[in-house]
Amino acid sequence: MGFDVLFKGTNFIRLLAGLGVALKISLISVAISIPLGIILGMIMTTKNVVIKAVTRLYLEIVRIMPQMVLLFIVFFGATRALGINLSAETASIIVFSFWGTAEMSDLVRGALTGIPVIQYESSFALGLSPLQTYVYVIIPQIVRRMIPLSINLITRMIKTTSLVMMIGIVEVLKVGQQIIEANRKSSPNAAFGVFATVFLLYFLACYPISCLSKYLEKKWEN
Amino acid sequence: MSEILSVKNLSKRFDDLTVLDNINLSVNEGEVVVIVGPSGCGKSTFLRCLNGLEDIQDGEIILDGENISHDKKTLQKNREKIGMVFQSYDLFPHKTILDNVTLAPIKVKKRNKKEVEQEALALLERVGLLSKKDNYPRQLSGGQKQRVAIVRALIMQPKVLLLDEITAALDPEMVHEVLDVVLSLAKEGRTMLIVTHEMQFARAVADKIIFIDGGKIVEEGTPSEFFDNPKTDRLKKFLQTFSYNK
Ligand SMILES: Nc1ncnc2c1ncn2[C@@H]1O[C@H](COP(=O)(O)OP(=O)(O)O)[C@@H](O)[C@H]1O
Ligand SMILES: [Mg+2]
């Protein structure tokens with residue numbers, strides 16, 4: 001079945017290290033995207049039409065552009081055109097953060113504008129101060145709406161990191177290809193075993209996160 | 001009887017639109033005032049001005065001897081003295097029924113949690129909802145939610161309770177259970193300002209009824225004066241809209 005190649009030399013360790021690279025890029029990007037997205041999402045709820053238009057445009061651009069195109073633009077564009085020397089990893093983190101911030105900000109905007117005015121008013125009417133209203137009434141509702149959605153975004157970011165091999169980063173999928181190449185003669189069936197293992201690794205990384213999201217969604221459904 | 005709420009020359013405008021025009025009203029402790037009037041005449045706005053959800057352009061509001069209409073600090077300090085229940089269900093969806101009720105006394109009045117919970121359970125029992133204490137608002141019917149909203153306001157021991165068409169969004173069969181609670185509050189001497197379209201209920205519960213039209217108090221009187229001897233044509237017309245025979 002081609003699983004044997006995994007046990008040759010350090011192959012399996014190399015696959016794990018590849019997964020590590022993918023996870024590292026996505027987790028750093030997530031860590032950047034969440035705070036930036038929250039700030040931008042709050043800015044997006046403004047009534048100012050110019051700010052609204054600009055943020056809307058940013059969101060649309062990010063959504064329309066395939067992530068791979070963004071990766072090429074930032075990696076090759078920056079190094080060739082602007083003469084800035086970006087490592088492939090930095091370029092990927094920039095692209096994924098650019099994307100993640102946009103998606104996150106839209107989630108935050110949706111959660112914020114989805115809280116009915118009456119929630120603020122009935123809290124004020126009970127004598128709660130604006131700060132108490134945010135802390136005990138508004139923010140808990142926002143968090144409940146946001147967490148399952150942002151977890152979903154995180155798993156999408158982890159999966160999409162498989163694109164970074166296109167700019168030369170040796171992540172899990174690339175390691176897989178290298179192993180298959182190196183063993184083409186000795187085990188011609190390696191492709192199946194290796195890709196099945198890669199699938200399993202992604203599954204192991206994302207499944208618990210998506211279970212957590214489903215659990216929270218159930219628990220908090222209003 | 002002593003005066004608990006006094007409204008003097010209150011005017012409220014939204015930009016160019018004058019919604020309330022020179023309103024004067026005095027409410028004594030224990031009095032139940034019902035406010036009626038055609039839709040859009042400014043009833044909700046009036047109640048919202050009283051607890052500071054809307055700012056006012058002219059006049060003053062004096063609650064329990066303190067002018068609450070001028071600075072935000074005095075308003076914030078006195079807000080817990082005016083309870084309000086809205087037309088739309090406004091319970092906090094992420095909190096259980098018990099937590100909905102106990103939030104304000106614990107956080108605003110800094111009261112002891114155990115004590116507040118005991119009191120909350122007694123009040124919930126009184127409105128027949130003790131068994132729902134651990135449920136979430138989404139698990140309750142509209143009438144049940146409004147009864148909880150009343151309890152949530154009551155537990156703050158407000159000097160005045162404002163009720164803005166609290167049965168208007170309910171299915172007809174649930175109206176009664178909510179109005180019964182309000183009637184029992186009136187009987188035990190709560191001071192209330194009630195906006196409602198339920199005329200029979202108004203007659204039963206009110207000490208005084210005021211009719212607002214075009215942002216002004218057009219007529220004011222006891223229920224029998226009001227329904228049996230309306231003085232103005234505008235009130236007569238308004239009352240006619242509630243009967244089918246022409
Ligand atoms: N926030 C607002 N901005 C502008 N106009 C408003 C606002 N709230 C209410 N109004 C207007 O004030 C008038 C009175 O509204 P409201 O007090 O809700 O009437 P009622 O409760 O008697 O039906 C209406 O003409 C309404 O359109
Ligand atoms: Mg109204």
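None of the figures in this text is laboratory data; all of them are computed from the coordinates on show. As the structure is a prediction and not an experimental result, all values here were calculated from the model. Glycine also receives a Cβ, built like all others from the backbone with ideal geometry; neighbour counts cover every protein chain displayed.
Here are the numbers:
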{"quantity": "Among the listed pairs B:Lys8/B:Lys43; A:Lys174/A:Lys214; B:Lys95/B:Lys133; B:Lys110/B:Lys133, those beyond 19 Å (Cα-Cα)", "calculated": "A:Lys174/A:Lys214; B:Lys110/B:Lys133"}
{"quantity": "Helix A:11-44 vs. chain A, principal-axis angle (Cα, 0 to 90°, nearest 10)", "calculated": "20"}
{"quantity": "Coil-residue GluC sites (Glu not before Pro) of the range B:140-246, DSSP, other Cβ within 10 Å capped at 15", "calculated": "B:Glu188"}
{"quantity": "Positive-pole candidate from A:Tyr207, A:Ile180, A:Gly100, dipole of the range A:92-222, charges at beta carbon", "calculated": "A:Ile180"}
{"quantity": "DSSP beta bridge pairing in chain B, given as percent antiparallel to the nearest 5", "calculated": "55"}
{"quantity": "Assigned charges on the beta-carbon of Lys, Arg, Asp, Glu; the protein assembly as shown dipole about Cα centre (debye)", "calculated": "1900"}
{"quantity": "Cα gyration tensor shape for chain B, rounded if a/c is under 1.5, else prolate or oblate", "calculated": "oblate"}
{"quantity": "Cα shape, the range A:4-220, gyration tensor, a/c 1.5 rule", "calculated": "oblate"}
{"quantity": "The range A:138-222: GluC sites (Glu not before Pro) falling in loop per DSSP and having at most 11 other Cβ within 10 Å", "calculated": "A:Glu221"}
{"quantity": "FRET efficiency, A:Gln178 to A:Ala31 (Cβ-Cβ, R0 25 Å, nearest 0.05)", "calculated": "0.30"}
{"quantity": "Taking the range B:1-142 and dividing mean pair separation by its residue count, relative contact order in percent (alpha carbons under 8 Å, at least six apart)", "calculated": "19"}
{"quantity": "Average beta carbon contacts from partner chains per residue of A:83-90, 10 Å cutoff", "calculated": "0"}
{"quantity": "Nearest 10 degrees, 0 to 90: helix A:139-160 Cα axis against chain A principal axis", "calculated": "20"}
{"quantity": "Only Lys, Arg (+1) and Asp, Glu (-1) charged, at Cβ; chain B dipole about Cα centre in debye", "calculated": "680"}
{"quantity": "Signed unit charges on C-beta, dipole axis of the range A:4-220, positive-most listed residue A:Ser122, A:Ser87, A:Ile151", "calculated": "A:Ile151"}
{"quantity": "For residues of B:87-95, the mean tally of beta carbons on other chains within 10 Å", "calculated": "6"}
{"quantity": "Rounded tilt (10° steps) of A:88-113 against the dominant C-alpha axis of chain A", "calculated": "30"}
{"quantity": "Coil-residue trypsin sites (Lys or Arg not before Pro) of the range B:129-164, DSSP, other Cβ within 10 Å capped at 16", "calculated": "none"}
{"quantity": "DSSP beta bridges in the protein assembly as shown [antiparallel fraction, %, rounded to 5]", "calculated": "55"}
{"quantity": "Model label zone, B:Thr18; criterion: amide N under 11 Å from point 7 Å along Cα-to-beta-carbon; scope the range B:205-236", "calculated": "B:215-216"}
{"quantity": "Unit charges at the beta carbon, dipole of the protein assembly as shown: most positive-side option, A:Ile51, A:Leu70, B:Ala153", "calculated": "A:Leu70"}
{"quantity": "GNM top mover of A:Met42, A:Met157, A:Met104 - chain A, alpha-carbon springs below 10 Å", "calculated": "A:Met42"}
{"quantity": "Karplus-derived 3J(HN,Hα), 6.51/-1.76/1.60, for each residue of the range B:84-98, Hz, glycine and proline x", "calculated": "9, 10, 9, 5, 7, 5, 10, 5, 7, x, 8, 10, 5, 4, 4"}
{"quantity": "Ellipticity estimate at 222 nm from DSSP helix runs (n ≥ 4, -39,500 (n - 2.57)) divided over chain A, nearest 500", "calculated": "-24000 deg cm²/dmol"}
{"quantity": "Relative contact order %, the range B:189-246, counting alpha carbon pairs below 8 Å whose residues are six or more apart", "calculated": "22"}
{"quantity": "In nm, spacing of pseudo-spin labels at A:Leu212 and B:Lys216 (7 Å Cα→C-beta vector)", "calculated": "6.5"}
{"quantity": "Taking chain A and dividing mean pair separation by its residue count, relative contact order in percent (alpha carbons under 8 Å, at least six apart)", "calculated": "36"}
{"quantity": "Mean residue ellipticity (222 nm) of chain B, computed from DSSP H runs ≥ 4 via -39,500 (n - 2.57), nearest 500", "calculated": "-10500 deg cm²/dmol"}
